[in-house]
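Have a look at the structure below before the remarks.
Rule-based calculations on the coordinates, nothing more; no lab input. No experiment lies behind these values; they were computed from the predicted model shown. When we count neighbours, we look across all protein chains shown, and the Cβ atoms used for this are built from the backbone with ideal geometry, even at glycine.
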Amino acid sequence: MFTLAEKTTARSSFLHSWEARHKLAGITALIFSFSFVRDLRLLPLILAASALVYYLTALPPAYLFARLRLPSVFLLVPAMVLPFGSGQTVLARVGPLALKLEGSLALLLIAAKFISILTLAVSLFATTPLAGLAGAMRSLGVPSLLVEMVLFTYRYIFQLAGDLKRTGTAATLRGFKGRSLLSLKTLAYMVGTLLVRSYDQSERVFQAMTLRGYGRAAVAVSATAPCRRDRLALAGALALAAFVILVQVLVL
Amino acid sequence: MHIPDGIIPVQAALGGYVAAGGAAWLTLVKIRRKYKNPREAIPRASLLTAVFFAASLVHIPLPPTSVHLVLSGLVGVILGWFAFPAILVGLFFQAVMFQHGGLTTLGVNACLIGLPALLSGALFQLRRYFGRNRAVPNALLAFGGGFLAVAVGAFSAALLLTYTIPAHLDAAAERAAIIALSLAHLPVALLEGVFTALVVLFLLRVKPELLELEA
Amino acid sequence: MSSIFSARGLTFAYPGRGHVLDKVNFDLAAGERVGLIGPNGAGKTTFFLLACGIIKPLAGELQIAGQPVVPGQFYPEVGMVFQHTADQLICPSVREDIAFGPQNMGLPQEEVARRVEEAARITGIEGLLERPPHRLSGGEQRLVALAGVLAMEPRLLILDEPTSDLDLRYRRRLINLLAAMPEKAMLIASHDLEFILEVCTRVVLLEGGRFQADGSPDAVMSDGSLMEKHGLEVPHSLTGTWHRHRGPAPGRRDLPG
């Protein structure tokens, strides 16, 4: 069973047992509705909802923080630009720069949305094995060619990353340092080598699969029968998503 | 160039999905028309997608620091029409596994990165007018493809970000932002161009069939 | 006998797993050829990577030719040939691949060229110099990888499963090659116990984080209970009997015509 998270989460929790199609539909609806948020007053709601969903995965908070750490680096750019560059009301002066209210609030909006959406995404992917995810995507209308590409690519990502790492180790053992621009040629050779080897390997993979009947029928994807709890959870997620959108459109 | 979740308006994100969906549909039609049995090409396209994913993890030196390459130009050169679904799949995994690039912005990123890749592929095919196996035309067209894929993508991303981020910037500041964001990507675009040319030259010597997949 | 490589109190564990090496002590003298045997996962490759300075030990000291091993530093005195040679060959031609190491050593062009020719001559692959490595057979690739390492003129050669994808002809060629280099110290990990018997002067058995045995090849590998305890077998040439896995062998059937 492959989950997309590297550390396989072997526990069971509500989110682990939520049927894949319902889970994908529900969380996707939440993600999109949260990205629709423009009003700061909704921020506590979306952050709380995301936290609740993550809580339902029974995963440790440290795991989430580890996943959020690197991508949050991108927030540095708006953090430097928006509070000082955008808006009129001045809150404080930091040397020659003026800290502005509107810009700071815009930053807050972006950061909160970013965190809540990523939390939802991590909750989804850490609790769903790829096979289930592929089946859910297929039944939600993604073309089968793409779904098969996802499954195949996943199969080889780890192997190829390992091959590339070993190739790098072998090169390092022969004195390669990879720090100057001149190492570009060697790095290009390594990528080229990997392409050639993978191309050859893919021929063998295809032959082996054809010998076992691949290509004659659409890839069958198993689906588990949903129960009432799955449907209720989906209804809840859709209701919250609808609320977030409608309350902004109609009321705020 | 990967736009994360939460910073562009949902209309732009949805628009991106619509555009990406359309582009995916079009390229899939082309693929089905070209291959009698398109599923034959899936193992190969998927393995090469995995290579690009792995390669995008490599630290490429750009003194004083290092960067990760996007390699969209190279994907376009080698995979042709398959470049768009490949990049879509690659972006999906980058978003899911490293939270690099967003899920709501998957469509937008696929367009920003995948469409220029198709352009690079088309550009590279011009080599048939200059001698298919001659090193110089291959290298120059590959450089052009690698450079343009990133330059066009970065410029489009800059435009998108500047016009959609909910902020109140005046026109001069907007222009400055677009120029600054685009110029920041210039060294990377040059690097990608050179890298793409080097890989293509390698393949030309070792396995030229890999450059003929989409001829 | 000067020590070309030594380890004192070497300890290493992968995060979340038990100790792969636990306070290991080891000495390798110049010209000694040590066979490293043990079941899969015992830590042979890890030991090699520590010896080359690729990974950092949790504790302990390593020395190559008298200097301490600093992880991350380049030691051309040590040359390692990996189990999967395809990971090692990156250049578009065999000649360029062999030249890779000497070039990184900063040697002048003429010296690099001389070393390439010499390494190709020793391994007998002069005819392959202009070919792309990817198109060569498994045996040829292994010789190219070996040549690439020999071109650095190392004093210690580390070979990880060197016969794993060789046909008998290339295997014999490799054995003869190694026998013709008495001045080089060697560390060879292999499941091919007959190969170890022919090539090595000393055998060390690694399992459970420690060296469980260390002695002459005959002494270590003919100890049946020791070998079986660690998931190995006594090589046939040391058993003196012919070990049959199936029923009585049928007489030879001469084919018609």
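Structure summary
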| read-out | value |
| --- | --- |
| Derived scalar couplings ³J(HN,Hα) [segment A:201-211; Karplus, 6.51 cos²θ - 1.76 cosθ + 1.60; whole Hz; x for Gly, Pro] | 5, 5, 5, 5, 4, 5, 4, 4, 6, 4, 5 |
| Global geometry of the protein assembly as shown, whether rounded, prolate or oblate, following the gyration tensor of its Cα atoms and the 1.5 cut on a/c | prolate |
| Packing-based order for C:104-113, A:44-53, using average beta carbon neighbours within 10 Å, highest first | A:44-53, C:104-113 |
| Ranked C:R131, A:R197, criterion: other C-beta atoms within 10 Å, fewest first | C:R131, A:R197 |
| Rounded if a/c under 1.5, otherwise prolate or oblate - chain C, Cα gyration tensor axes | oblate |
| Sequence-distant lysines (8 or more away, or on other chains) whose Cα lies within less than 23 Å of A:K165 | A:K7, A:K177, A:K185, B:K207, C:K44, C:K56 |
| Loop sites in segment B:1-68: trypsin sites (Lys or Arg not before Pro), DSSP, at most 11 other Cβ within 10 Å | B:K36 |
| Nearest 10 degrees, 0 to 90: helix B:42-55 Cα axis against chain B principal axis | 60 degrees |
| Degrees separating the helix B:186-206 axis from the principal Cα axis of chain B, which is the longest one | 10 degrees |
| Spatially proximal aspartates and glutamates relative to C:K184 (Cα-Cα < 17 Å; intrachain offsets below 8 disregarded) | C:D27, C:E32, C:E77, C:E118, C:E153, C:D160, C:E198 |
| Within straight-line cross-link reach of A:K113, aspartates and glutamates at Cα separation under 12 Å, skipping those fewer than 8 residues along the same chain | A:D39, B:D5 |
| Peptide B:85-96, shielding by other chains (average Cβ, 10 Å cutoff) | 4 |
| Long-range Cα-Cα pairs in segment C:107-160 (distance over 16 Å), rounded percent | 41 percent |
| Shape call, segment B:10-211: gyration tensor on alpha carbons, a/c limit 1.5 | oblate |
| With Cα atoms, 0 to 90° folded angle of helix B:83-98 axis to chain B main axis | 50 degrees |
| Segment A:143-210: Rg to Rh, with Rh as the Kirkwood radius over Cα pairs | 1.10 |
| Kirkwood Rh (inverse of mean 1/r, distinct Cα pairs), chain A, angstrom | 22.0 Å |
